[in-house]
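Undergrad: Dropping a structure here in structure tokens format, bear with me for questions.
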Amino acid sequence: MTNHPENRIPFPKPEGYDPLNYELLARVFETGRKDWFEKFDPIPNHKTDTNNHGPLSSDNIGMNYDYPEASYERRKEIIKEHENYQKGLLWFVANDPRVPKDIQTEMQTWGLSKDEFKDNGNWPHQIYVREARRMIGDFVMTENELLKKSPTPKSIGMGSYTMDSHNVQRYIKPDGFVQNEGDIGVSTNGPYAISYGTLVPKKEECKNLLVPVCLSSSHIAFGSIRMEPVFMILGQSAAAAAVLAIDENTVVQDVDYNKLKEVLLAKGQILEKNNARNFKRN
């Protein structure tokens, strides 16, 4: 989004718009809540990297469950449903009379950017699929490893981000109030190691596959591991392991970890918090 008048397009009203989809947000505003703009994180050129925030926001809670195993056609339907929900949300805040005047006035200074996604109505081409199916491999990372309550064997890199997940469902409690469920944000209390076993399937299932993104991890642990810098770390380690497997004509589960560790350290990979060392960059 942008608040630069020369580059701003008013929020479009989506097909089939229904203000009742945002009834809960209207009730949130009625409580006096004023943090609607708190996650309009600024980026260059008067634009934002805008994230979900608050009890009702851009997360279309519970409407994504079919996605991981859906057909391509069903996925298109889910993506369109999310697009319509989010466009309707922006339209609602900018136009509905139930929105407090101060919030609505400021929201009307925002809009879509003329110079972004010009071939798609100035709307992003993709939804952010944070998490779907994950492998159950040789080793499963859990919060116990991230919190250093359990040891992590065969480190091939480190993560450090908070164990973070958005809400997964919304329901009505017996007292009539609405409850969001699933939101977490728990510190890992410093960096943690990630095991080589998370990248490789069980040997009896597949012998020539390395999985640095949909790796073997619990939902809670993946909330931290899923950061793009960690994926780059794991991608480099997976590539190094693949080279060793090919050169030694062996399966990925039988790659000599000591050799892999030597290669990774030589390339500057950090495998343990207390083992970080300086290395030359070309």
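The values are calculated or read from the model by the stated rules, or taken from the named source; none is laboratory data. Nothing here was measured: the structure is a model prediction, and the numbers come from that model. Backbone-built Cβ (ideal geometry, glycine too); neighbour counts: all protein chains shown. Just so you know, the surface numbers come from the protein's heavy atoms only, side chains and all, with ligands and any DNA or RNA stripped out. Shrake-Rupley method; radii C 1.70, N 1.55, O 1.52, S 1.80 Å.
Undergrad: Could you work out how much longer the chain between LYS80 and ARG33 gets when fully extended? Use 0.36 nm per residue separation minus the Cα distance between them, nm to one decimal.
TA: On the way: separation 47, 0.36 × 47 = 16.92 nm, distance 2.94 nm.
Full extension of this stretch gives 14.0 nm more.
Undergrad: Say a paramagnetic label sat at a point 7 Å from the Cα of VAL263, along Cα to Cβ; which residues of the stretch 221-241 have their backbone N under 12 Å from it?
TA: Counting backbone N atoms under 12 Å from the label point, the list is 236-241.
Undergrad: Can you tell me the dipole magnitude for the stretch 121-185 around its Cα centre, using point charges on the Cβ only (Lys, Arg +1; Asp, Glu -1), in Debye to the nearest 20? Don't jump to the answer; show the numbers that get you there.
TA: Numbers: 8 positive and 8 negative charges, 32 e Å.
About 160 debye.
Undergrad: Just one of (i) 19.7; (ii) 14.8; (iii) 20.7 is mean projected area of the Cα convex hull in nm² calculated from these coordinates, so which is it?
TA: Checked against the structure: label (i).
Undergrad: A further question follows. Would you kindly state how much longer the chain becomes between ILE184 and ILE9 on full extension, computed as 0.36 nm times their sequence separation minus their alpha carbon distance, in nm to one decimal?
TA: Value of the extension gain: 59.5 nm.
Undergrad: Given a Förster distance of 51 angstrom, what is the FRET efficiency for LYS202 paired with PHE177, based on the Cβ-Cβ distance and rounded to 0.05?
TA: Numbers: r = 44 Å, r/R0 = 0.87.
So the FRET efficiency works out to roughly 0.70.
Undergrad: At 1.4 Å probe size, put ARG134, ARG33, ARG226, ARG27 in order of accessible surface, largest to smallest. Before the final figure, lay out the partial values.
TA: Values: ARG134 75, ARG33 95, ARG226 15, ARG27 130 Å².
Result of the area sort, largest leading: ARG27, ARG33, ARG134, ARG226.
Undergrad: Among VAL211, ASN274, LEU234, flag the residue with its Cα farthest along the positive direction of the charge dipole of the chain, charges on Cβ as +1 for Lys/Arg and -1 for Asp/Glu.
TA: Comparing the listed Cα positions along the dipole, ASN274 ranks first.
Undergrad: Among 35-44, 216-225, 100-109, 135-144, how do they line up from the highest to the lowest mean number of other beta-carbon atoms within 10 Å?
TA: Working: 35-44: 12.4, 216-225: 21.5, 100-109: 14.5, 135-144: 18.8.
Peptide ranking by packing, descending: 216-225, 135-144, 100-109, 35-44.
Undergrad: Within the set of other residues whose C-beta is less than 14 Å from the C-beta of SER113, count the net charge using Lys and Arg as +1 and Asp and Glu as -1. Could the numbers behind the result be given before it?
TA: On the way: positive: ARG8, LYS47, LYS114, LYS118; negative: GLU6, ASP49, ASP115, GLU116, ASP119.
For residues surrounding SER113, the net value is -1.
Undergrad: Additional query: Quote to one decimal, in nm, the extra length available between LYS101 and GLU272 on full extension: 0.36 nm per residue of separation minus the C-alpha distance between them. Mind showing how you got there, number by number?
TA: Numbers: separation 171, 0.36 × 171 = 61.56 nm, distance 5.25 nm.
Stretched out fully, the LYS101 to GLU272 stretch lengthens by 56.3 nm.
Undergrad: While we're here: Rounded to the nearest 20 Debye, what is the dipole magnitude of the chain about its Cα centre when Lys and Arg each give +1 and Asp and Glu each give -1 at the C-beta? Spell out each step's value before the answer.
TA: Details: 35 positive and 39 negative charges, 138 e Å.
In debye, rounded to 20, the chain gives about 660.
Undergrad: Ordered by packing density, taken as the mean number of other Cβ atoms within 10 Å over each peptide's residues, highest first, how do 235-244, 114-123, 259-268, 154-163 rank?
TA: Top of the packing list down: 154-163, 235-244, 259-268, 114-123.
Undergrad: To continue, here is another question. Could you check the spin-label model distance between LYS118 and THR250? Points 7 Å from the Cα along Cα→Cβ, value in nm.
TA: Distance between the two pseudo-spin positions: 5.4 nm.
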